[in-house]
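Below: one structure, written as structure tokens.
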Amino acid sequence: CKGLMVQTGKIRLDQILQQEGLVTEAQINEALLRQKMQGGKFGSQLLYHRYIDEAGLVKALCIQFGCDGVLLSNREIPDNIIKMVPSKLAITRQVLPFEYDPKTVTLKIACGNPQDTNILNELDFISQGKKIKLYVAAELSLETAINRYYLGRDADLNDKLLLEIPDLSPPVEAKASRPLPARVSSRKGILLVTDEEYSGSLIGSILERDGYEVTVSNSLDEASEIITGQSFQAVFIKKSVDEAYGSLIDKLRRSSPRTEIRLFESSASLLINDEAFSSVEELLKKNLNLFISLLSSKDNLPDNHSATVGHYVEKLCRKLGLPVRDRLPILTAAYMHDLAKYYYRESQDDYRQIIGSSQKLLESFEYSSQV
């Protein structure tokens with residue numbers, strides 16, 4: 001489906017399917033009703049019930065997202081390609097590498113939403129210099145392929161369809177008049193799945209102080225029952241609870257695609273996680289460098305001394321092994337240490353005075369005493 005691009009904004013998938021003559025209006029209405037009752041994506045409901053095939057669905061998704069698509073059901077992916085994306089990232093973010101072009105150094109990756117910049121940023125981070133190109137894939141075939149290549153569950157799309165199609169007892173129309181089961185409101189809800197006896201309540205109390213509603217579970221079976229009746233903003237799963245946590249992730253992806261899923265090794269790694277600060281540090285460095293560069297340019301200074309200090313201070317912090325959360329205030333201080341020279345023209349050669357004046361200037365803007 002190359003070359004199929006959206007012309008005027010993002011069109012709804014049901015509109016595209018009708019315009020392309022891929023499904024009927026009755027099939028769309030039935031799939032929408034089933035989606036409300038069972039969750040999951042609208043396109044997957046159409047695929048579950050064989051109203052459309054994978055090629056037709058991917059064609060419509062290409063038009064909707066304005067990108068290239070890939071059919072995964074009949075594709076064999078070499079093991080060396082699969083290893084280019086870590087299993088943890090592939091499972092939690094629902095992405096699948098399927099082809100690598102060494103000439104252009106481009107790794108092609110299937111996903112459900114190629115417009116998700118967070119996914120692209122995470123993949124860029126682990127790509128080791130490779131270019132990343134995202135392709136849209138049908139949710140159902142993507143899940144099946146991830147289960148096969150990363151979790152060792154040998155099933156193809158037809159097996160998945162047979163397993164997922166509900167029984168053919170009463171049609172959906174007969175149930176449509178019944179009130180839908182109410183889902184528990186959890187606007188900022190977090191599900192914590194951990195086998196650590198005391199840490200669950202500790203982490204819960206910390207998160208609750210930040211305004212989150214925390215539900216703690218100590219087994220995958222219990223967690224699976226909980227997510228049947230509730231939706232969560234995020235689910236944190238401790239790896240040691242059960243090696244079969246992939247089944248819980250599968251269920252979450254089907255019932256609540258927007259839920260963020262994170263795996264963690266220990267409570268400490270969850271509460272003190274450098275990954276949570278890494279993007280903040282990168283943004284801070286860019287902003288500080290831009291700010292100082294503009295000031296230096298404005299004053300026609302021959303070099304950007306403040307940025308040079310910031311650069312070497314960062315290298316020193318990394319050499320000392322300081323975690324990101326400790327580097328942030330140190331980097332801020334490094335870039336801002338002589339800020340006063342841009343405001344107070346006197347005593348330009350007295351660096352002790354400049355640094356002292358910079359400290360007072362930062363205090364007046366209510367910077368922390370640590371900085």
For region 117-127, take each phi angle, set θ = phi - 60°, evaluate the Karplus expression 6.51 cos²θ - 1.76 cosθ + 1.60, and give the result in whole Hz per residue in order, putting x for glycine and proline. 5, 5, 4, 4, 5, 5, 5, 4, 5, 9, 7
Determine, for F232, F65, F291, the number of other Cβ atoms within 10 Å of each Cβ, and report the residues in order from fewest to most. F291, F65, F232
Under 5 Å, built H, 5+ apart or other chain: amide partners of E260: A234, V235
Taking r as the C-beta separation of H305 and Q128 and R0 as 45 Å, the FRET efficiency to the nearest 0.05 is 0.85
Everything considered on the Cα gyration tensor (a ≥ b ≥ c; rounded for a/c under 1.5, else prolate if a/b is larger than b/c, else oblate), region 48-144 must be described as prolate
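Each reported figure results from applying straightforward, stated rules to the coordinates on display, with no laboratory input. This is a predicted model, so every value here is computed, not measured. Please note: Cβ atoms are built from the backbone with ideal geometry, for glycine as well, and neighbour counts cover all protein chains shown.
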